[in-house]
Amino acid sequence: MLLAVDVGNTNITFAVFNDKDLVASWRISTHGTTTGDEYASFLRGFLADKGLAFADITGVVVSNVVPSIGDGLTWMCRNHFKNAGEPVFLRPESVKGMKIDYHPVTDVGADRIANAISAYEEYKTSLIIVDFGTATTLDAVSEDGVYLGGAISPGIRISVDSLLRKAAKLSGVALTPPERAIGKSTAESLRSGIVCGYAGQVDALVRRFKKEMGTEPKVIATGGMAPLIARYSETIEICDDLITLKGLRIVYERLTK
């Protein structure tokens, strides 16, 4: 079985695949000081809940955008996943099966490449992938499977936290679906501005991407906020919360054949 690990700035997601089938997935908060033994402790309990053990894991693949965490994950694999060998880290410069038109190639986030590979493998058409993470990223893939680049903007949570810190009269608000664009209270106004505002931002960028690409790409969203924003977006067609992990599985297969 394959253990896929997606390390983001806010969360780390672990998933176990049996061939192409997802067996289970788990999410924990990202902390740069967590040790390899601590990761192993988390996973021991998670795996046991599914009737699995460390010995069942025969491979590990990692997407990591937090460099300080790499050593801990490598330690975990070497000392606890004895049947898995060395972990395979997704590095854009060594990806197989997708040309990357980005300069320098090493600057592309590993998660963005995993998303692109996963989506193209499934749909085989031009694509725009929107990932609502710590940053909101949009990535474009051509009809023939070339990663074309994309856009990066501050994530929803970062923007909201910054606003609430700087505006003394505003307080926290639950990000639930707004009933209307014209809010009738401060809470409604915040929900409208955040949810409808981000949906509008995504739609504007998607339309610009489409014009530059000269195609009608399929638009796929992922990340925790994707279902909420998609309700108010005019361009998002599909939400897929597992797209990054599925991409890591594909990357592992291609790199280890």
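Just so you know, all these numbers are worked out from the coordinates, no wet-lab data involved. Model, not experiment: these values are computed from the prediction. Neighbour counts are summed over all protein chains in view; Cβ atoms, including those assigned to glycine, are modelled from backbone coordinates with ideal geometry.
R0 = 51 Å: FRET efficiency of Glu38 with Glu237, Cβ-based, nearest 0.05? The value I calculate is 0.85. Give the calculated FRET efficiency between Arg254 and Glu188 to the nearest 0.05, with a Förster radius of 30 Å applied to their Cβ-Cβ distance. Once rounded, the FRET efficiency stands at 0.05.
Under 5 Å between amide hydrogens, built in the peptide plane, is the criterion, and for Ala24 it picks out Val16 among residues at least 5 positions away or on other chains.
Straight-line reach from Lys99: taking Cα to Cα under 19 Å and skipping same-chain neighbours fewer than 8 places apart, the aspartates and glutamates in range are Asp107, Asp111, Glu121, Glu122, Asp139, Glu143, Asp144, Glu212, Glu253.
Considering only beta bridges that DSSP places wholly inside the chain, some 65 percent are antiparallel. Our note on the geometry: Cα centres of region 129-189 and region 192-213, 10 Å apart.
Sites listed here are GluC sites (Glu not before Pro) in region 99-143 whose DSSP assignment is loop and whose Cβ has at most 15 other Cβ atoms within 10 Å: Glu143.
Ranking Val61, Val88, Leu73 by how far each Cα lies toward the positive end of the dipole of the chain (charges on Cβ) leaves Leu73 at the top. Each other residue within a Cβ distance under 14 Å of Thr10 adds +1 if Lys or Arg and -1 if Asp or Glu, for a net charge of -2. Each label was represented as a point 7 Å from its Cα along the Cα-to-Cβ direction; for Ser68 and Ile28 these points are 1.7 nm apart. For the chain, a simple Cβ point-charge model (Lys and Arg +1, Asp and Glu -1, everything else neutral) yields a dipole of about 520 debye relative to the Cα centre. Would you be so kind as to identify which of Val251, Met98, Tyr147 lies farthest towards the positive end of the dipole of the chain, taking Lys and Arg as +1 and Asp and Glu as -1 on Cβ and the Cα centre as origin? Going by the Cα projections, it comes out as Tyr147. When shorter helices are ignored and each DSSP H run of at least 4 residues is given -39500 (n - 2.57), the per-residue value for the chain at 222 nm works out to -11000 deg cm²/dmol. Here each label is just a point 7 Å from Cα along the line to Cβ, and for Lys211 and Thr125 those points are 2.3 nm apart.
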